[in-house]
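Taking it in order: structure first as structure tokens, then the write-up.
Just so it is clear, none of the values below were taken in a lab; they were calculated from the coordinates. These figures come from a predicted structure and were not determined experimentally. FYI the Cβ positions are ideal-geometry reconstructions off the backbone, even for glycines, and counts take in every protein chain you see.
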Amino acid sequence: MEILLWPDGAPLAKGTTPEDSPAITPYLVEGKNNSAIIICPGGGYARRAHHEGEPVAKWLNSIGISAFVLRYRVAPYQYPCALLDIQRAIRMVRYRSNEYGINPNKLGALGFSAGGHVVATAGTTFDTGDKNSKDPIDKLSSRPELLILCYPVITMREPFLHSGSKDNLIGSTPDEELLKKVCNDERVTVETPPTFLWHTSDDASVPVGNSLLFAQELNKNKVLFDLHVFAKGRHGLGLADGEEHVSTWTNPCTTWLKFNNFV
């Protein structure tokens, strides 16, 4: 059952339809003090792909991690709506962590393609909460403890640009100040969470250079990361069922989650 992030209406909302109303759908494992991951499916900021949502949540459940699939706002909504949505989702899961049986300090985020951009933005643009807010949810931190980026959109600049994501998020001719806010390789700091990245080297939609750029900046800032580049595979594979080589990405991801004490 989905849970609206703002039951009385989201900031910057243009209506009251489901597409105007960001929400999370929980997939919980039994027990207390569990780790959890918020999932952002991809879709070029135009849609959200189902195969990058619920199936991934069920995989996380299978390794003992609770999951929440985020319905974040896409076109015609633009920046910063999707960022506000994931920040609110992180705060809300933390606020309700006891109810969900979750350790609020073991909350990560995972995204595919443009959903990877949403997650990367959450990992490079966060705050510790507004202690003066009347809303107790807004008093909590929006920083994810780790990031999992699957063939992510990272930059909005050539030569690694995915033009559809850029046009939907910030328009085709944004000013430089706005552009800098959404080029996540340019926003990495020592505070950016540990990150797991995977991509295919021949991705024809979102160039592998996006993941390489982010990994390079993580390295410069001494943030620990895993980077896995598979030789071949079309864009948008999700769990990559039926792809003998690429589908193995979940194996190193699982051991990386163990390394980070999430499993």
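With the helix formula -39500 (n - 2.57) applied to DSSP H stretches of n ≥ 4, the chain reaches a computed 222 nm mean residue ellipticity of -8500 deg cm²/dmol.
Per residue, the average separation of C-alpha pairs within less than 8 Å and at least 6 apart gives the chain a relative contact order of 17 percent.
Straight-line reach from K14: which aspartates and glutamates have a Cα under 17 Å away, not including same-chain ones fewer than 8 places off? Within the straight-line limit of under 17 Å, K14 reaches these aspartates and glutamates: D85.
A simple count of charges around T200, restricted to other residues whose Cβ falls under 14 Å of its Cβ and scoring Lys, Arg +1 and Asp, Glu -1, yields -2. What the phi angles of segment 148-155 give under the Karplus curve with 6.51, -1.76 and 1.60, with θ = phi - 60°, is a coupling list of 10, 10, 10, 5, x, 6, 10, 9 Hz, glycine and proline written as x.
Run through the DSSP bridge list for segment 3-259 and note the antiparallel percent, rounded to the nearest 5. In segment 3-259, DSSP labels about 25 percent of beta bridges as antiparallel. Here the 3J(HN,Hα) profile of segment 207-223, calculated from phi with Karplus coefficients 6.51, -1.76 and 1.60 at θ = phi - 60°, is x, 4, x, 4, 5, 5, 4, 5, 4, 4, 6, 4, 4, 4, 9, 6, 8 Hz, Gly and Pro shown as x. What is the sum of charges around I102, taking Lys and Arg as +1, Asp and Glu as -1, for the other residues whose C-beta is under 14 Å from the C-beta of I102? Around I102, the charge tally is +2.
From most to least packed by mean Cβ count within 10 Å, the peptides 142-154, 39-51 give 142-154, 39-51.
Could you tell me which of the pairs K139/K180; K106/K222; K58/K134; K139/K222 are separated by over 31 angstrom between their Cα atoms in the structure shown? Listed pairs above 31 Å: K58/K134.
For the chain, modelled as a GNM whose springs connect Cα atoms under 10 angstrom apart, the maximal fluctuation among K166, K131, K58 occurs at K131. Under a Gaussian network description of the chain, with springs only between Cα atoms under 10 Å, the residue in F214, F68, F160 that fluctuates furthest is F160.
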